[in-house]
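The values are calculated or read from the model by the stated rules, or taken from the named source; none is laboratory data. Owing to the predicted nature of the structure, the values given are computational and were not obtained by experimental measurement. Here the Cβ positions follow ideal geometry from the backbone for every residue, glycine too, while neighbour counts run over all protein chains shown. The area values use the complete protein model at the heavy-atom level, side chains included, leaving out ligands, DNA and RNA. Shrake-Rupley method; radii C 1.70, N 1.55, O 1.52, S 1.80 Å.
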Amino acid sequence: MRKKVDSRIRDVIERAVQSHHRAMIVLVGDRGKDQVVNLHYMLSKAAVRARPSVLWCYKSKLGFSSHRKKRMKHIQKMVQRGLLDRNAAQEDPFELFISSTEIRYAYYHETQNILGNTYGMCVLQDFEAITPNLLARTIETVQGGGLVVILLGNMASLRTLYGMTMDAHAKLKTGAFGEVRARFNERFILSLADCSAAVVADDELNVLPISSHIRGGGAGPAPKVGRPRTKDDLELEELRGTLKDTYPVGALVEKSRTVDQAKALMTLVESISEKTLRSTVAVTASRGRGKSAALGLAVAAAIAHEYSNIFVTAPSPENLRTFFAFLLIGFDAMDYQEHTDYEILRSTDPAMEKCVVRVNVFRGHRQTVQYIDPVDASKALGQAELVVVDEAAAIPLPIVRAMLGPYLVFLSSTVTGYEGTGRSLSLKLIHELRARSGSKVSGNASVGRVFREVEMETPIRYASNDPIERWLYDVLCLDAGSSKKGGTSGNLRHAAPHPDQTSLYLVDRDALFSHHRASEAFLQRVMSLFVASHYKNSPNDLLTLSDAPAHQLFVLLGPADIKTAKLPDILCAIQVCLEGRISKQSVLSSMSRAHRAAGDLVPWTLVQQFQDAEFAGLLGARVVRIATHPDVQRMGYGSHALQLLIDFFSKKIPHLADVSSTEANGSSVAEAEDEEVAVGDNVLMTEEIAPRTKIPPLLKRLTEITPESLDYVSVSFGVTPELFRFWKSAGFLPVYTRLTANDLTGEHTCIMLRIGEASSANQVWLNAYYQDFQKRFTSLLGFEFRKFPSSLALSMLDEGNGFSEERGEEKIEGTILPSFLSERITPYDIRRLETYAKNLIDFHVILDLVPEMARTYFIGGLSRELHLSAVQRAILLSFGLQHKTVEQVEQDLGLPVSQILALFNKAVRKLAHRLSAEEEKKLEKDDEDTGARESVANEASPHSSSKERISSLPGHLQRFSVVDDDHEWSVALAGEHASGNVPGTVSIRKAGIDVHGAGEDKLEFGKDSRGQKDKKRKRPR
């Protein structure tokens, strides 16, 4: 049955096509999939161009076969069973749509492969599997004039989404905290009412009245007039005219769409024309700005400049579709002919869908543009002249850093943050390249280079001021760090107060994600701090902050201004996660199966490390992230906020009211409002969706909250010297460092603990953990930790604030030096050390002794007795524990080799003197023990004294041992007491050995037990 479609839906689609913006349709109902055909038809009719391509993303089951032959077989079976009419099957609109439309099907977990591609329509089904990361990846692939369709299941009310359990919630639950509140879904639905290009309808395309601009009937279609020429259009036209006769850049600039893209292309071509192979160009922008297209045109210019070996890398060959497409467009602009001047090679892997992986050019000489996997890139770039890294933010930072070499490098990346490491590229790698630009340091290919930065702001994939882009950036806080939003790039609105005048508040998350105007502004400011201060950000962090039951948010604010009645600036923000209280049975079961549950990062890691099941039962608070406003960094606000947080959990801050749950009020209000919708009533067409009217206060003072009784406070971070010093100064002790580096940042994860209020009386377990960490860390310094700076390794081994008396912990007494001397060092080794200390032998002669001396010094307690300077300790650690060469120590410490060896010689001199003194003490003690034994022997009976002398003979004489008799010993020794001399011969029956006295020159063997007499043998003394 035909039905007239609501004109408001058609108006939204036509307006989007004419303004080159995007539109979004949210369909509620189980049959929404059938309406995709009608929406695609309306889009094709309004666009008046080729049928738009479709990106269809789903969780696991598509609901129909994407394979044409399988689909036809299924239809035939249905016809044979009589369940489907053959004519109806042939005229089924959905089947015609599937057969005649270019559709790219993608699982949600494979959406990283679509980065860099462009589609005319995007369909997202299985709403429960959607995450903020997936929303950002998929929606941003739609071009201007395109359409985004989100399919929701059948429901009686949109408020049902408020309590929907998402797939991502399974990772947010823990053993002790399992109740998840879907605040993100509520905010997502409410945000649709603020988007002028979003329409929410049922599966029959009846518009739901959830926003004012839809209820009013819409504003009607936009007038069909040409887009007015802007200042940028005139500048681009002037630039094209200037470069018209310049080859090849003139022909390539003609293909540029915006001034930003043209200027970026000119910068890239300028680096190519220099041919110094010592330049790095970084192109950064938000999505849809034409970065990949500019790179493709620039590589075409590199071919014209006779570059032979060009390598291109990206997370997947599918990410390079746009790059290779514009490379071929550049060839056409330069009059290159396929098959005559170049050939295209495509992948034979079915999973890559015939992506271009290589272009061979043979117009003048052999030239190649080759795709290479990022993992293998650093090993295969020996002959490279130009390396292009597209979508660099989606590639782990260590791999991108390893690609920098003695060739021209182009980097392109999105920095809005949703790809996970976008901030890592901008905050770390680009900062390093900017700092090293033009510096001259030997032995490093990434320095001594010319570094250029190019930013592209004008969108190309869609027109400026796109309402879908604005909505997406607002709901996911993707643009939180921009100065345009009043983020961290702007200055503080008020003067920075003294840290003592600030206060720490707990943020109520029900109020923060309620979608009120004030709470939205506050949320954007909080996220701007996190985005600016951390380089591992993604929109999924927003989902964790909103829905995770164990997470809490604290902010440090200055004194409020009563006159303005506005919130003061956020000086510092801290996100905290409660962990632990895992049942012992669960821990033992997981350990036996080598399986760990989601969440509880610190408990599961340390249980696996120390095999201590009791630790998982403790309750701790992990500092997930702490961020300070860039304008007031290094002014003490972060340390002050952290100290206030520790005091709060240590119950040093008095509370005025007993509130057991920090968010109990908000939850009760939410449940009360949810009950307003009667069960079973279908109010979808009549309900008014608006922000809650009853919400708790946004901020709560710490004096109004009763904190949990914690056993410890923990932190897990990628260890760097600066971060480690910060946490160590706050009283945290390292107990774990991951041996393998993080795949995204290349840093080693470090876990540090601090005793909490509940375990303040029993701190022995933390001391034991720290001592075990010192022992393990010392042993592993020669392996993966060998690349640590010696200053960082020294700081991690140094007790410093670790075993302080003010926390009541016991210090280690004594050293292992005596056992070290007796087991591992000899007097000859001490003489070698003394000789080296006098500069009489080479450094390598004592190299075998350095590791044992270093272990004795750092973990044997010798460091408390023997004072070495910081540089001497760093040198001893580098040589003895990290096994570095002199050249590596020179690069690490920045000191000349001669000074390093001189300082090491002084350290060895002190150690040799200490070892020599210990050896003398040992010899004196041995002499004293020998004298004491002799005096005891003299005081003993002659009988026992003589027996002990016989029994103390060396081991090779024990074969002459005899079975003695007390009576015979008394008779044999009777002459010794009478005359003072031992008789010449002592006859013993068992072995028949005659032992001559001191005055005899020989041993006389007497008769044996059978009465036979042996021959006499003479033996020299």
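Number of residues in segment 533-578 that are without any contact (Cβ under 8 Å) to a residue 12 or more places away in the chain and either under 25 Å from the mean Cα position of the chain (by Cα) or closer than 12 Å to residue 625 by Cα (or both) equals 1. From 333, 294, 325, grab the single residue that is crowded, with 21+ Cβ neighbours inside 10 Å, assigned by the TED database to the domain that holds residue 393 and modelled with pLDDT of 85 or more. One residue alone meets the criteria, 294.
Give the residues of segment 109-167 that are among the hydroxyl-bearing types (Ser, Thr, Tyr) and under 26 Å from residue 20 (Cβ atoms), sorted by residue number.
Let us first name the residues in segment 109-167 that are among the hydroxyl-bearing types (Ser, Thr, Tyr), namely 111, 118-119, 131, 138, 141, 157, 160, 162, 165.
111, 118, 119, 138, 141, listed by residue number.
Mind listing whichever residues of segment 26-64 are of a type in the set (A, V, I, L, M), farther than 14 Å from residue 147 by Cβ and open to solvent by 10 Å² or more (accessible area, probe 1.4 Å)? Reasoning before the result, please.
First, the residues of segment 26-64 that are of a type in the set (A, V, I, L, M): 26-28, 36-37, 39, 42-43, 46-48, 50, 54-55, 62.
Subsequent filtering for residues that are farther than 14 Å from residue 147 by Cβ retains 28, 48, 50, 62.
Those that are of a type in the set (A, V, I, L, M), farther than 14 Å from residue 147 by Cβ and open to solvent by 10 Å² or more (accessible area, probe 1.4 Å): 48, 50, 62.
Just to be sure I understand, how many residues within segment 717-757 are open to solvent by 50 Å² or more (accessible area, probe 1.4 Å) and either within 16 Å of residue 601 (Cβ to Cβ) or part of a loop (DSSP other than H, G, I, E, B) (or both)? So that I can check it myself, show each step before the final result.
Filtering segment 717-757 down to residues open to solvent by 50 Å² or more (accessible area, probe 1.4 Å) leaves 722-723, 725-726, 729, 738-740, 743-744, 757.
Add one more test, that the residue is either within 16 Å of residue 601 (Cβ to Cβ) or part of a loop (DSSP other than H, G, I, E, B) (or both), and what stays is 738-740, 743-744, 757.
Residues flagged as open to solvent by 50 Å² or more (accessible area, probe 1.4 Å) and either within 16 Å of residue 601 (Cβ to Cβ) or part of a loop (DSSP other than H, G, I, E, B) (or both) within segment 717-757 amount to 6.
Among the residues of segment 889-905, what is the count of those that are surrounded by fewer than 13 Cβ atoms within 10 Å (Cβ to Cβ), part of a helix (DSSP H, G or I) and in contact with a helix residue (DSSP H, G or I) (Cβ under 8 Å, 6 or more places away or on another chain)? So the answer is 1. Scanning segment 579-591 for residues that are open to solvent by 10 Å² or more (accessible area, probe 1.4 Å) and in contact (Cβ under 8 Å) with a residue 24 or more places away in the chain yields 581, 582, 583, 584, 586, 588.
Only one of the numbered conditions (1) outside any helix (DSSP H, G or I); (2) at pLDDT 90 or above; (3) not small (Gly, Ala, Ser) is not met by residue 30, and that is (2). Within segment 5-25, the set of residues being buried (at least 23 other Cβ atoms within 10 Å of the Cβ) and either out of contact with any helix residue (DSSP H, G or I) (no Cβ under 9 Å at 6 or more places or on another chain) or not in a loop (DSSP other than H, G, I, E, B) (or both) comprises 12, 13, 16, 17, 23, 24, 25.
Can you tell me which residue among 602, 632 is open to solvent by less than 40 Å² (accessible area, probe 1.4 Å) and modelled with pLDDT of 90 or more? So that I can check it myself, show each step before the final result.
On the way: 632 fails: modelled with pLDDT of 90 or more.
Criteria check complete, one pass: 602.
With respect to the conditions (1) open to solvent by 40 Å² or more (accessible area, probe 1.4 Å); (2) among the aliphatic types (A, V, I, L, M); (3) over 30 Å from residue 135 (Cβ atoms); (4) under 33 Å from the mean Cα position of the chain (by Cα), residue 345 falls short on a single one, namely (4). Is it fair to say residue 227 is modelled with pLDDT under 80 and under 25 Å from residue 23 (Cα atoms)? It is true that residue 227 is modelled with pLDDT under 80 and under 25 Å from residue 23 (Cα atoms). Do we have residue 281 as out of contact with any Cys (no Cβ under 6 Å at 6 or more places or on another chain) and not in a strand (DSSP E or B) here? Criteria not met by residue 281.
Taking into account only those residues within segment 703-716 that are free of Cβ contacts under 8 Å to residues at least 60 places away in the same chain and assigned to a loop (DSSP other than H, G, I, E, B), which is most open to solvent (accessible area, probe 1.4 Å)? Ranking the candidates gives 706 first.
Residues that are open to solvent by 50 Å² or more (accessible area, probe 1.4 Å), assigned to a helix (DSSP H, G or I) and over 24 Å from residue 369 (Cβ atoms): does segment 242-263 have at least one?
Checked against the condition, which is being open to solvent by 50 Å² or more (accessible area, probe 1.4 Å), assigned to a helix (DSSP H, G or I) and over 24 Å from residue 369 (Cβ atoms), segment 242-263 yields at least one hit.
Residues in segment 168-189 that are touching a Pro at 6+ places or on another chain (Cβ under 6 Å) and not β-branched (Val, Ile, Thr) were compared, and the one that is farthest from residue 26 (Cα to Cα) is 177.
Does residue 433 satisfy the condition of being at pLDDT below 80, within 26 Å of the chain's Cα centre (by Cα), buried (at least 20 other Cβ atoms within 10 Å of the Cβ) and not charged (D, E, K, R)? Taking the combined requirement at face value, the residue does not satisfy it.
Just so you know, in segment 602-629 the residues that are assigned to a loop (DSSP other than H, G, I, E, B) and not charged (D, E, K, R) include one that is farthest from residue 504 (Cα to Cα), and it is 611. Considering (1) modelled with pLDDT under 80; (2) surrounded by 20 or more Cβ atoms within 10 Å (Cβ to Cβ), the lone condition that residue 440 does not fulfil carries the number (2).
A single member of 151, 190, 158 is of a type outside the set (Val, Ile, Thr) and in contact with a His (Cβ under 8 Å, 6 or more places away or on another chain), and it is 190. Residue 343 meets each of the listed conditions (1) within 26 Å of residue 395 (Cα to Cα); (2) assigned to a strand (DSSP E or B) apart from (1). Only one of the numbered conditions (1) within 18 Å of residue 173 (Cβ to Cβ); (2) buried (at least 19 other Cβ atoms within 10 Å of the Cβ) is violated by residue 570, and that is (1).
Can you find a residue that is open to solvent by 50 Å² or more (accessible area, probe 1.4 Å) and on the phi < 0 side of the Ramachandran plot anywhere in segment 548-560? For segment 548-560, residues open to solvent by 50 Å² or more (accessible area, probe 1.4 Å) and on the phi < 0 side of the Ramachandran plot: present. Here residue 531 passes the criteria (1) in contact with a strand residue (DSSP E or B) (Cβ under 8 Å, 6 or more places away or on another chain); (2) buried (at least 21 other Cβ atoms within 10 Å of the Cβ); (3) of a type in the set (Val, Ile, Thr) except the one numbered (1). Picking from residues in segment 790-848 that are at pLDDT 60 or above, touching a helix residue (DSSP H, G or I) at 6+ places or on another chain (Cβ under 7 Å) and among the charged types (D, E, K, R), the one that is nearest to residue 750 (Cα to Cα) is 824.
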